[in-house]
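Down below is the structure, laid out as structure tokens.
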Amino acid sequence: MIDDESARAVRHWRATAPDTVLLDGFHALKHALRFGAEVRAAVTSDKAAAVELAEDLADDLTEVIADLLVEVEAGTLRDLVPRVHPTRIAALAVRRGRRANLDELSRRPRRAPVVVLDNPRNLGNVGAVVRLAAGFGATGVVTTGDIDPWHPNAVRSGAGLHFATAVERLPDDALPEGPLYALDPEGADIRSLTIPDDALLAFGSERHGISPELRKRATRLVALPMRPQVSSYNLATSVAMALFHWGGPA
């Protein structure tokens, strides 16, 4: 039997969902809260377990999470989300404002690169790159092409860290200013280069690589070290290698 608080939470969720971003699981909620997301709704099918998880993994947020979460029946949770996360937690948050993201991406001088994903096709890879960019402290992640980097599948893969960096989709001709370092097998070995803080680090798809248009505009073509006869790295792996090289020794 669902109680009045749960019934209100379900009605609120359904009214709020069309205009918000799904945070799938405990870590997504935790990261979103830590980086200032406006969380409009949060539900779980086991509040006691969720609060215990917060105490173990995010004691700075335990009270906030306990206040936010409303317990609903397991079947109700399955009705509200495409698939139930193993932590049995889901939340809805307001997407970061586009104007604020664009201001952050265009601000100069930049202290960290912007990652550019040229027409990516895999939403899971986009989310993984966002997670990497947030971890390395990159200024942001820009995608070109037709997929939305805030798609629920990308946000799920990013574990809520879309709120920790500026993530936007832009036309090819509207990228932020800065020297464009495009990853390309014919480029200079990245180990021989110093990546400037204000660089745009551009990555193409694993199958097609960087587009001819972006390749022509590149300040430098950059290659990652790779054993002969190995065709490519996973996109997120390539981004991690380039950002690690930019960051240099601790």
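The values are calculated or read from the model by the stated rules, or taken from the named source; none is laboratory data. Note that this is a predicted model, so its numbers are computed, not measured. Cβ sites come from the backbone with ideal geometry, for glycine too, and all protein chains shown count toward neighbours. Note: accessible area is taken over every heavy atom of the protein model, side chains too, but ligands, DNA and RNA are not part of it. Shrake-Rupley method; radii C 1.70, N 1.55, O 1.52, S 1.80 Å.
Points worth noting:
- Considered as a group, the residues in region 56-71 that are closer than 21 Å to A9 by Cβ and touching a residue at least 12 places away in the same chain (Cβ under 8 Å) include one that is surrounded by the fewest Cβ atoms within 10 Å (Cβ to Cβ), and that residue is A66.
- Test: residue in region 182-200 that is buried (at least 20 other Cβ atoms within 10 Å of the Cβ), over 30 Å from E38 (Cα atoms) and either among the acidic types (D, E) or under 14 Å from the mean Cα position of the chain (by Cα) (or both): yes
- Residue count for region 201-226, restricted to those that are open to solvent by 90 Å² or more (accessible area, probe 1.4 Å) and of a type outside the set (D, E, K, R): 1
Yes/no matrix, rows are residues, columns are (1) among the basic types (K, R); (2) open to solvent by less than 40 Å² (accessible area, probe 1.4 Å); (3) in contact (Cβ under 8 Å) with a residue 40 or more places away in the chain:
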{"position": "D146", "(1), (2), (3)": "no, no, no"}
{"position": "V155", "(1), (2), (3)": "no, yes, yes"}
{"position": "L170", "(1), (2), (3)": "no, yes, no"}
{"position": "A174", "(1), (2), (3)": "no, no, no"}
{"position": "E177", "(1), (2), (3)": "no, no, yes"}
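- Matching residues, region 71-80, being within 26 Å of the chain's Cα centre (by Cα) and not charged (D, E, K, R): L77, L80
- Residue in region 227-243 that is modelled with pLDDT of 95 or more, open to solvent by 80 Å² or more (accessible area, probe 1.4 Å) and either closer than 18 Å to E186 by Cβ or not small (G, A, S) (or both) present: no
- Criterion (in contact with a Gly (Cβ under 9 Å, 6 or more places away or on another chain), open to solvent by 10 Å² or more (accessible area, probe 1.4 Å) and not basic (K, R)) met by exactly one of F163, F136: F136
- Restricting attention to region 81-120, the residues that are open to solvent by 40 Å² or more (accessible area, probe 1.4 Å), over 19 Å from the mean Cα position of the chain (by Cα) and within 15 Å of L69 (Cβ to Cβ) add up to 2.
- Taking region 147-218 as the region of interest, the strands (runs of 3 or more DSSP E) fully inside it that hold 3 or more residues being of a type outside the set (A, V, I, L, M, F, W, C) and on the phi < 0 side of the Ramachandran plot are 180-189.
- Hits in region 8-51 - residues which are more than 28 Å from V130 (Cβ to Cβ) and open to solvent by 30 Å² or more (accessible area, probe 1.4 Å): R8, R11, D46, K47, A48
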